[in-house]
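One structure is given here, and the rest of the page talks about it.
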Amino acid sequence: MRIENLSESGAFACTACHACFSICPKSAIEMGANNEGFLYPKIDGEKCIKCGLCEKVCPALKPIKKECEDTKAYAAINKNEAIRLDSSSGGIFTALAGKVIEEGGVVFGAKFASDFSVVHGWTEKGLIEFRGSKYLQSVIGNSYKDCKAFLDSGRKVLFSGTPCQIQGLKKYLDKEYENLLAVDFICHGVPSPLLWQKYIDYRAEKSRAKRGEIVKTAFRRKDDGWKLFSLSFTFANDSEYRATLNKDPYMQIFLKDIALRESCYNCFSRGISRPSDITLADFWGVQNVLPEMDDDKGTSFVISHSDKGKKLLCELQNCELTEIPVSDGAKFNSAAESSPKKPKQRDVFYADLEKLQFKQIVKKYATTPLCLRGYRFVRRCAVKGVKVFIGKENAIKLKKMLGK
């Protein structure tokens, strides 16, 4: 199979990791959006010299398989409560990144651009814009090239991204760097940037604000707790929108799995053993394993895959880490190893997104607040009942919110 056949018209394996884009010596590859808004490599035949580097570096054609002999897992919490509350789960990414920056290093991660699209970038100072989950596909751009330049200069680098982005980085670098710490996370899958941009316009219109008047957005507000997190927008006209994951239209569509990239339904990057040094995730089900670490403010499930990953975790200050069996965290987050099933209505959804107004999309796909019992996400967590997943108190709160 050639790289051209990994596009939207081929085997659906391309993840838009940008490894081929980054390695091409003639800049013959551009990343272009298809009609669903997902990026795919486009090859300029006139520039291409048929060197084969793009196919050699593509993780979709040949994924990195790694068996870790000394995998360690932890339940983890950042003791700085302000950082923890501003983070998606336990605030461990900030602790890891802060440690690397203290040592003169550089941190790469996903952040919002000025138009609230999500792009990769780097920092050697502040971490606020890199903190928190972004539930859509980030654009790598030149981040692999920038990362290599820092590594070759001797700087320590923490590179965070989706599992497929870490695969792409490792294939692009083509050798191990002792000064690189690769951090991925347990990934549910990625909706398209087009869906997100249309949702931004819809949200601004509903708030009687202009698109350019968006001041801030966040996917994981904890006003109603970590387990019932909210998506929010703040506008320059002092209006604010906030809705919990079961009521927000974007999150409903996301959690139904109908808007994910084709490659997410057969992800080659899932598994406990990974080429990353550390994997981060929410510790769903922590109340069943370590109830003393569950105050509904966020607890991280952390897996180390290498000696340098384990070493850095053990050096963290102001963090509480409790070692646990890997299975204790993975059994409540089966996205670690299993891909979501492709819903029958997935292709219909994107056809509708192309031709319908977004308010019609909301009416058709996200009008009725979803009960957490119905989430495929919860079913993949392999737990029985909403109480097991979110806890008894939050189950009562959710029923009240739904009027049940």
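Mind checking which residues of the range 233-272 are of a type in the set (D, E, K, R) and either more than 22 Å from residue 346 (Cα to Cα) or in contact with a Ser or Thr (Cβ under 8 Å, 6 or more places away or on another chain) (or both)? Give the steps one after another, and end with the answer.
First, the residues of the range 233-272 that are of a type in the set (D, E, K, R): 238, 240, 242, 247-248, 256-257, 261-262, 270.
Matches in the range 233-272: 238, 240, 242, 248, 261, 270.
Out of the range 314-334, which residues are closer than 29 Å to residue 101 by Cβ and either in contact with a Lys or Arg (Cβ under 7 Å, 6 or more places away or on another chain) or open to solvent by 70 Å² or more (accessible area, probe 1.4 Å) (or both)? Steps first, answer last, please.
Step one: of the range 314-334, the residues closer than 29 Å to residue 101 by Cβ are 314-324, 326, 329, 333.
Once the filter is applied, which keeps residues that are closer than 29 Å to residue 101 by Cβ and either in contact with a Lys or Arg (Cβ under 7 Å, 6 or more places away or on another chain) or open to solvent by 70 Å² or more (accessible area, probe 1.4 Å) (or both), the range 314-334 yields 314, 315, 316, 317, 318, 319, 320, 323.
Of the residues in the range 196-214, how many are open to solvent by 80 Å² or more (accessible area, probe 1.4 Å) and either within 22 Å of the chain's Cα centre (by Cα) or farther than 11 Å from residue 116 by Cα (or both)?
Residues flagged as open to solvent by 80 Å² or more (accessible area, probe 1.4 Å) and either within 22 Å of the chain's Cα centre (by Cα) or farther than 11 Å from residue 116 by Cα (or both) within the range 196-214 amount to 4.
Name the single residue that is farthest from the chain's Cα centre (by Cα) among those in the range 240-287 being open to solvent by less than 10 Å² (accessible area, probe 1.4 Å), closer than 20 Å to residue 164 by Cα and of a type in the set (Asp, Glu).
277
Assess whether residue 112 counts as being open to solvent by 10 Å² or more (accessible area, probe 1.4 Å), at pLDDT 95 or above and under 16 Å from residue 88 (Cβ atoms).
Details: open to solvent by 10 Å² or more (accessible area, probe 1.4 Å): yes; at pLDDT 95 or above: yes; under 16 Å from residue 88 (Cβ atoms): yes.
Yes; evaluated as a whole, the condition is true for this residue.
When you go through (1) farther than 30 Å from residue 357 by Cα; (2) out of contact with any Asp or Glu (no Cβ under 6 Å at 6 or more places or on another chain) one by one for residue 138, which number turns out not to apply?
So residue 138 meets the others, but not (1).
Give the range 73-85 a look and list any residue that's touching a Lys or Arg at 6+ places or on another chain (Cβ under 9 Å) and crowded, with 20+ Cβ neighbours inside 10 Å, or say none.
Filtering the range 73-85 for residues touching a Lys or Arg at 6+ places or on another chain (Cβ under 9 Å) gives 77-78, 81, 83-85.
Within the range 73-85, 77, 78, 83, 84 qualify.
Assess whether residue 148 counts as being part of a helix (DSSP H, G or I) and of a type outside the set (Asp, Glu).
Working: part of a helix (DSSP H, G or I): yes; of a type outside the set (Asp, Glu): yes.
Spelling it out, residue 148 is indeed part of a helix (DSSP H, G or I) and of a type outside the set (Asp, Glu).
Here's the yes/no breakdown for (1) closer than 30 Å to residue 127 by Cα; (2) out of contact with any helix residue (DSSP H, G or I) (no Cβ under 6 Å at 6 or more places or on another chain); (3) modelled with pLDDT under 95:
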{"position": "6", "(1), (2), (3)": "no, yes, yes"}
{"position": "12", "(1), (2), (3)": "no, no, yes"}
{"position": "17", "(1), (2), (3)": "yes, no, no"}
{"position": "22", "(1), (2), (3)": "yes, no, no"}
{"position": "31", "(1), (2), (3)": "yes, no, no"}
{"position": "47", "(1), (2), (3)": "no, yes, no"}
{"position": "76", "(1), (2), (3)": "yes, no, no"}
{"position": "79", "(1), (2), (3)": "yes, yes, no"}
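With a cut-off of at least 3 residues that are within 30 Å of residue 294 (Cβ to Cβ), name the helices (runs of 4 or more DSSP H) lying wholly within the range 1-120. Spell out the reasoning first.
Working: elements: 19-23, 53-57, 81-85, 92-102.
Because the criterion is at least 3 residues that are within 30 Å of residue 294 (Cβ to Cβ), the helices (runs of 4 or more DSSP H) in the range 1-120 that meet it are 81-85, 92-102.
Yes/no matrix, rows are residues, columns are (1) of a type outside the set (D, E, K, R); (2) under 20 Å from residue 78 (Cβ atoms); (3) part of a strand (DSSP E or B):
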| residue | (1), (2), (3) |
| --- | --- |
| 310 | no, yes, no |
| 314 | yes, yes, no |
| 317 | yes, yes, no |
| 322 | yes, yes, yes |
| 329 | yes, yes, no |
| 332 | yes, no, no |
| 335 | yes, no, no |
| 339 | yes, no, no |
| 342 | no, no, no |
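Identify the residue in the range 40-64 that is within 29 Å of residue 350 (Cα to Cα), open to solvent by 30 Å² or more (accessible area, probe 1.4 Å) and hydrophobic (A, V, I, L, M, F, W, C) and, among all such residues, is nearest to the chain's Cα centre (by Cα).
Among those residues, the one meeting the criterion is 61.
Taking the conditions exactly as written (at negative phi and buried (at least 23 other Cβ atoms within 10 Å of the Cβ)), does residue 130 satisfy them or not? First the steps, then the outcome.
Values: at negative phi: yes; buried (at least 23 other Cβ atoms within 10 Å of the Cβ): no.
For residue 130, the condition - at negative phi and buried (at least 23 other Cβ atoms within 10 Å of the Cβ) - is not met.
Could you tell me whether the range 344-352 includes any residue that is among the basic types (Lys, Arg), at pLDDT 90 or above and either touching a strand residue (DSSP E or B) at 6+ places or on another chain (Cβ under 8 Å) or part of a loop (DSSP other than H, G, I, E, B) (or both)?
We begin by selecting, within the range 344-352, every residue among the basic types (Lys, Arg); these are 344, 346.
From what is left, the residues that are at pLDDT 90 or above are 344, 346.
Filter once more, so that each one left must be either touching a strand residue (DSSP E or B) at 6+ places or on another chain (Cβ under 8 Å) or part of a loop (DSSP other than H, G, I, E, B) (or both): 344, 346.
Yes, the range 344-352 has at least one match.
The values are calculated or read from the model by the stated rules, or taken from the named source; none is laboratory data. It should be emphasised that the depicted structure is a prediction, and the values quoted were computed from it without experimental measurement. Here Cβ is always computed from backbone atoms with ideal geometry, including for glycine, and neighbour counts include all displayed protein chains. SASA here: full protein model, heavy atoms, side chains in, ligands and nucleic acids out. Shrake-Rupley method; radii C 1.70, N 1.55, O 1.52, S 1.80 Å.
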